[in-house]
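Written below as structure tokens is the structure these notes are about.
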Amino acid sequence: MTLAELAQHLGATLEGDPSVRITGVSSIETAGPGHLTFVANPKYAALARTTQASAVLVEPDFPAISCSTLRISNPYLAFARSIELFYQPPTYAPGIHPTAVVSPTAKIGATAHIGAYVVIGDNVVLGDNAVLLPHSVVYAGVQAGKNLFVHSHAVIREHCILGDNVVLQNGAIVGADGFGFAKQGDGSWYKILQSGPAILEDNVEVQANACIDRASIGETRIGSGAKVDNLVQVGHGSTVGENTLLCAQVGLAGSTTVGKSVILAGQVGVAGHCTVGDGVIATAQSGIPSDVEPGKVVSGYPAIDNRQWLRTVALVNRLPEILRGIKAQKQP
């Protein structure tokens, strides 16, 4: 593909030789001749001047550099679209593998691919174009829309409901029992039946080994467009809003409400029955023990305003110096 063709496909402004051929994509550190790369983070801007790539995707006001540039308002998104031009993922032909176990009461839409050793329970309804890869399991009563894609060893538990274009990566569990126990008089724990389904709306992706627990009563709901990263735990009865990102190892205790377009970075923990407002950003390893107002950026434990947290950390780093100063003042 020539740079001119690539620029036209992406809607970018080309500065450079339009006849240069692009054969692949790469990071800015490892790119070589024929590669397209990008700069979206200012910390990598200096590398754009030394990269061996044939072209770099940059923002419209990025300074001129020696190699060709494709100027566009969102270089990261444009790079994501470029990857699709050079890498074609596997395709799966319609059909049911002879080792799959499919209940006769299940209703499976047109052109489904049901892989080896897949198990589909009673009264399951799957929309058109479903792909279920080997060893995935769908319990009884599940309903899913069109274009469901379930990778190997993912599980959808009984009566859960999934919208259109849902993706479950390897080992994802939707609708496992919530962690609910009532203490009895003798000190033992009585298991609370987890009767409510987990519901995933349209365009949700749940990545590897993440768990979306079912609810004791009511439902657990993941809003349209939300993305759930590896090893995330969504506790029973929680609600996650549209287009929210739960990054790796985030944990939501039961009955947590997370708003729309929230970003919880890696290892953020949220206590049960808390509400995190729309547009909140919690930086990595923050602990949220109480409600957070919409639009806030919070850090630390207990999570506080990010700017206040940065000042606090800076002060903590100066404590030895401050302590020495106090001791010096006390000396006669």
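Only the coordinates and a few stated rules stand behind these numbers; no lab work does. It should be emphasised that the depicted structure is a prediction, and the values quoted were computed from it without experimental measurement. For neighbour counting, all protein chains shown are included, and Cβ atoms are generated from backbone atoms with ideal geometry for every residue, glycine included.
Side notes on the structure shown:
- Protection-proxy order for peptides 143-153, 42-52, 84-94, each taking the mean of Cβ atoms within 10 Å per residue, highest first: 143-153, 42-52, 84-94
- Judged by the mean number of other Cβ atoms found within 10 Å, the most tightly packed of the peptides 298-308, 66-76 leads the ranking 66-76, 298-308.
- Among residues other than Asn317 with Cβ under 14 Å from its Cβ, the summed charge is +2 (Lys and Arg +1, Asp and Glu -1).
- Charge dipole (Cα centre; +1 on Lys/Arg Cβ, -1 on Asp/Glu Cβ; no other charges) of region 262-332 amounts to roughly 580 debye.
- Estimated from helices alone, the mean residue ellipticity of the chain at 222 nm is -4000 deg cm²/dmol (sum of -39500 (n - 2.57) over DSSP H runs with n ≥ 4, per residue).
- Relative contact order, percent, the chain [alpha-carbon distance under 8 Å, six or more residues apart]: 6 percent
- Annotation: extensible slack from Thr50 through Leu310 equals 90.3 nm (criterion: 0.36 nm per residue apart, minus Cα-Cα distance).
- Read-out P(r) over Cα pairs in 20 Å bins from 0, in percent, derived from the coordinates shown; its label in (1) 32, 62, 6; (2) 26, 44, 26, 4, 0; (3) 33, 57, 10, 0: (2)
- Burial ranking of peptide ranges 290-297, 25-32 (average Cβ count within 10 Å, highest at the top): 25-32, 290-297
- The charge dipole of region 4-116, taken about its Cα centre with unit charges on the Cβ atoms of Lys, Arg (+1), Asp and Glu (-1) only, comes to about 300 debye.
- Computed magnitude of the charge dipole of the chain (debye, nearest 20; Cβ of K, R +1, Cβ of D, E -1): 1080 debye
- Across the options Val297, Thr256, Val174, the greatest Cα extent toward the positive end of the charge dipole of the chain (unit charges at beta carbon of Lys, Arg, Asp, Glu) belongs to Val297.
- Extreme residue, positive dipole direction of region 207-332, given options Leu315, Gly218, Thr283 (C-beta unit charges): Leu315
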